[in-house]
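Please treat every number below as a calculation from the coordinates, not as lab data. These figures come from a predicted structure and were not determined experimentally. All Cβ positions, glycine included, derive from the backbone under ideal geometry; neighbour counts span all protein chains shown.
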Amino acid sequence: MIFSPILRIVDVTPPDIPEGTLVLTSEQGVRRAAALGLRGRRVWTVGPRTARLADAEGFVRETFVPGTADALLEAIAAQERGPVVHLHGRHVTRDVARALRQRGLQAESRVVYDQIARSLSLAARSRIADGHALLPLFSPRSARLVAHDLVAPPPASTAVVAMSEAVAEAWPFGGTVHIAPRPDAEAMLQVLAALVAVETER
């Protein structure tokens, strides 16, 4: 296994964080909310790992919403009445606060971390170029960054594991693309483990 992150996470401290229930859509969002001293607030989370981390950090979790951002938006719109604040990274695939405002809620957002692009390691590039690699991609931006960083399209034997349809669509090359059944890290790990098991049996 070669570990070569395509993103470097850097903390960002916003000038203010409005009052309201927090919406935390990533584990990093939970960590930053805790670091910013917001543990006393109610929170909404999406995905099992984010929910468990929110519990471990001592947040008062309103509910755990499995699955997609759409499911989270619908749950919040149906149950929340007060203001909400989405804490997120600088690069997002969905404007959660805007979507909630369109549903009639008072919602704001604050950037609490940045995801700075970095290059793949030489070892990772070499392994992908050699083929027979499993390449997990967790966001459309990550897919685009990895593709841009490669010297040439990867061999057809390279298999991509995408967290969602949107991630798969952002991958510009052909080859085999597996899409996780749910857009969360645990589903990604399940797909990767199954593919590794198949390769091991060959």
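What is the antiparallel percent of DSSP beta bridges lying wholly in the chain, to the nearest 5? Once the DSSP bridges in the chain are tallied, antiparallel ones form about 15 percent.
In this structure, the amide hydrogen of H91, modeled 1.01 Å from its nitrogen in the peptide plane, lies closer than 5 angstrom to those of Q115, counting only residues at least 5 positions away or on a different chain.
The calculated 222 nm mean residue ellipticity attributable to helices in the chain amounts to -11000 deg cm²/dmol, summing -39500 (n - 2.57) over DSSP H runs of n ≥ 4 and dividing by all residues.
Over segment 75-202, all Cα pairs binned in 10 Å intervals from 0 give whole-percent P(r) values of 12, 33, 31, 16, 9, 1, listed from short to long.
Structure remark: mean-square fluctuation, Gaussian network model of the chain, C-alpha springs under 10 Å; the largest value among R94, R141, R61 belongs to R94. Show log10 I(q)/I(0) for segment 141-192 at q = 0.22, 0.25 Å⁻¹, two decimals, from a solvent-free Debye sum over equal Cα scatterers. For segment 141-192 at q = 0.22, 0.25 Å⁻¹, log10 I(q)/I(0) is -0.80, -0.98.
Would you please give the FRET efficiency between A77 and R41, computed as 1/(1 + (r/R0)^6) with r the Cβ-Cβ distance and R0 = 25 Å, to the nearest 0.05? The partial results should precede the final answer.
Values: r = 19 Å, r/R0 = 0.76.
It comes to 0.85.
In whole percents, the pair-distance distribution calculated for segment 1-137 from its alpha-carbon pairs, binned every 10 Å from zero, is 11, 38, 29, 14, 7, 0.
Placing R0 at 41 angstrom, the Cβ-Cβ distance between V60 and S126 gives a FRET efficiency of 0.30 after rounding to 0.05.
Could you compute Rg(Cα) / (2.2 N^0.38 Å) for segment 1-45, with N its residue count? Before the final figure, lay out the partial values.
Working: Rg = 13.2 Å, N = 45, 2.2 N^0.38 = 9.3 Å.
With N residues counted in segment 1-45, Rg over 2.2 N^0.38 Å equals 1.41.
The convex hull built on the alpha-carbon positions of segment 100-142 has an orientation-averaged projected area of 5.1 nm².
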